[in-house]
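Here's the structure we're looking at; comments come further down.
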Amino acid sequence: MRSEGPKAITIHVTGFKKFQGVPGNPSEVIVNNLKNYVERRGLPAGVTLGSCTVLEVAGDGALPQLYQTMESAIPKTDAGSNANVAWLHLGVNSGAQRFAIERQAANEATFRCPDELGWQPQQVPIISEDGGISRTRETSFSLDAILKSLKKGAYDVMISDDAGRFVCNYVYYHSLRFSEQKGNKSLFVHVPLFSRIDEETQMRFTASLLEAIASAC
């Protein structure tokens, strides 16, 4: 009887540009530098870093960019290979002291300030056909396994049940829905400012997170 090794997986990563109150977004820096960092550090066998994309901090107006990015990452030949695709979305929580793995996203857009394209919805369903604003979607990853792996690296990280109601939650909800339809997985992680946790530690954390995600698949 043949023993199967770990499945090969490609992980695509997104971050966000600057926005109101956050002139320097650490998720943008991380995503822009991740390919070079991973090339130097290396990843476990079977784990591939796919696209690294920086998104506009916008809701409805940025959806074409989001969906173009996600659609282009889905294999066109073998539908079964979709299970080997994962999405990691990074965003900043400027008030946070540690990393937060987001369990779920809510079907609610209530922006505390206008996004970078001037949109400021209030208590609007993100996807109307999904129902009301109380609807949530959860990641299919085992967050306990990911958390345990990251804790071994002595990272200050927690599991969160509230991704807010701003653009981070908006993107995550769309990504979770898309991933469910396509048969792949999605995860959102909030990072602090570099003034709270320095850039090198955050780069190392993200590389460790890729490994933890691969193991959880």
Surrounding charge for T136, neighbours by C-beta under 15 angstrom, Lys/Arg +1, Asp/Glu -1, total -2
Could you tell me how far the Cα centroid of region 87-112 sits from the Cα centroid of region 149-169, in Å? 8 Å
Sorted list, accessible surface of protein heavy atoms, 1.4 Å probe, largest first, for W87, W119 is W119, W87
The chain - Rg and Dmax from Cα coordinates, angstrom: 16.6, 59
Area of C168 that stays accessible when all protein chains are in place (1.4 Å probe, Å², to 10): 20 Å²
Using only DSSP helix segments of four residues or longer, with each worth -39500 (n - 2.57), what per-residue ellipticity at 222 nm results for the chain after dividing by its residue count and rounding to 500? -10500 deg cm²/dmol
Excluding ligands and nucleic acids, what accessible area in Å² is computed for S208 using a 1.4 Å probe, to the nearest 10? 20 Å²
Give me the accessible area per residue for the chain, probe 1.4 Å, as a whole number in Å². 47 Å²
In whole percent, how big is the carbon plus sulfur part of the accessible area of region 68-209, probe 1.4 Å, protein atoms only? 45 percent
Output wanted: per-residue J couplings in Hz (rounded whole) for region 60-72, from phi through Karplus 6.51 cos²θ - 1.76 cosθ + 1.60, θ = phi - 60°, x for Gly and Pro. 4, x, 9, 4, x, 5, 4, 6, 4, 5, 6, 5, 5
Suppose the chain between S142 and D130 were pulled fully straight at 0.36 nm per residue; how much longer would it get relative to their current alpha carbon spacing? 1.9 nm
Step through the table entries K17/K185; K35/K152; K152/K185; K17/K148; K35/K151; K17/K152, compare each Cα-Cα distance with 26 Å, and write down the pairs that go over it. K17/K148; K17/K152
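The values are calculated or read from the model by the stated rules, or taken from the named source; none is laboratory data. Note that this is a predicted model, so its numbers are computed, not measured. As a convention, Cβ positions derive from the backbone with ideal geometry for all residues, glycine included, and neighbour counts pool all protein chains shown. Areas reflect the complete protein model, heavy atoms only, side chains present, ligands, DNA and RNA absent. Shrake-Rupley method; radii C 1.70, N 1.55, O 1.52, S 1.80 Å.
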